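Asks: The structure follows.
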Amino acid sequence: MIAGVLVDTWRSTFRGLLADDFLDGMSREEQAVRHARRMDAGGVSYLVAIEPFAGEIIGFANFGPGRGRVAADVYEIYALYIRAEYQGMGIGRVLVRAAASQCAGQGATALFAWVLSSNPNREFYKRMGAKAVETGDIGLGDRNYEQTAYLWEDIKALTQRADDQS
């Protein structure tokens, strides 16, 4: 279940970086409702990674048209989460490339993702060829945290890259 991947990943990745009360207050049920609504939004897509033997979802990417003040041909990865025990196996790279390919097929020329600036996995985006282009704040619970936008200016190049070591 996507909601379980998201909640578990946030708790394992951000413990000590985000407020414990926020992380402990996250619920699979609320995330399931949130993502069910997102799935109904126009142009929004999901890709999932399935563990082949157990048949369980171990990661996912959620993406679509860019939110905020961006050009119509700039798409966004809204969420990219891989369970901790499966990180470092190339699953994120496959999901990003597949998302980029789908976005390009819908007319996107660039792709970006907002990433918490304290995210220990943010180097992944750089290794995949994205450049940090903007910072902003995001409210989580009763606190604000800095986030960084990572941009792939050439989505076609992202779908074809084979030289990264992510």
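The values are calculated or read from the model by the stated rules, or taken from the named source; none is laboratory data. This one's a predicted model, so the numbers in the text were calculated from it and none came from an experiment. Every residue, glycine as well, gets a Cβ built from its backbone with ideal geometry; the counts of neighbours run over all protein chains shown.
Asks: Would a scan of the stretch 66-83 turn up a residue that is of a type in the set (Val, Ile, Thr), modelled with pLDDT of 95 or more and closer than 25 Å to residue 14 by Cα?
Replies: yes
Asks: Condition (residue is more than 17 Å from the chain's Cα centre (by Cα) and at pLDDT 95 or above) applied to the stretch 109-120: is it met by at least one residue? First the steps, then the outcome.
Replies: Let us first name the residues in the stretch 109-120 that are more than 17 Å from the chain's Cα centre (by Cα), namely 109.
Those still in the list that are at pLDDT 95 or above too: 109.
Within the stretch 109-120 (the criterion being more than 17 Å from the chain's Cα centre (by Cα) and at pLDDT 95 or above), the answer is yes, since at least one residue qualifies.
The rows are residues; the columns are (1) of a type in the set (Gly, Ala, Ser); (2) within 17 Å of the chain's Cα centre (by Cα); (3) closer than 19 Å to residue 127 by Cα.
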position: 45; (1), (2), (3): yes, yes, no
position: 52; (1), (2), (3): no, no, no
position: 65; (1), (2), (3): no, yes, no
position: 75; (1), (2), (3): no, yes, no
position: 87; (1), (2), (3): no, yes, yes
position: 94; (1), (2), (3): no, yes, yes
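Asks: So, one more: All but one of (1) in contact (Cβ under 8 Å) with a residue 24 or more places away in the chain; (2) out of contact with any Pro (no Cβ under 6 Å at 6 or more places or on another chain) hold for residue 69; which doesn't?
Replies: Exception for residue 69: condition (1).
Asks: Taking the residues in the stretch 6-58 that are among the aromatic types (Phe, Trp, Tyr) and within 30 Å of residue 108 (Cα to Cα) as candidates, determine which candidate is surrounded by the most Cβ atoms within 10 Å (Cβ to Cβ). Quick ask: steps written out before the conclusion?
Replies: Here is the first cut: in the stretch 6-58, the residues among the aromatic types (Phe, Trp, Tyr) are 10, 14, 22, 46, 53.
Still in the running and within 30 Å of residue 108 (Cα to Cα): 10, 46.
On the way: 10: 18, 46: 16.
Of everything passing the filter in the stretch 6-58, 10 is surrounded by the most Cβ atoms within 10 Å (Cβ to Cβ).
Asks: I would also like to ask the following. If only one of 74, 115 is within 16 Å of residue 45 (Cα to Cα) and either out of contact with any Asp or Glu (no Cβ under 8 Å at 6 or more places or on another chain) or of a type outside the set (Val, Ile, Thr) (or both), which one is it?
Replies: On the way: 115 fails: within 16 Å of residue 45 (Cα to Cα).
Result of the check over 74, 115: 74.
Asks: If only one of 143, 93, 97, 122 is among the charged types (D, E, K, R), more than 20 Å from residue 47 (Cβ to Cβ) and surrounded by 15 or more Cβ atoms within 10 Å (Cβ to Cβ), which one is it?
Replies: Details: 143 fails: surrounded by 15 or more Cβ atoms within 10 Å (Cβ to Cβ); 93 fails: more than 20 Å from residue 47 (Cβ to Cβ); 97 fails: more than 20 Å from residue 47 (Cβ to Cβ).
After ruling out the rest, the residue left standing is 122.
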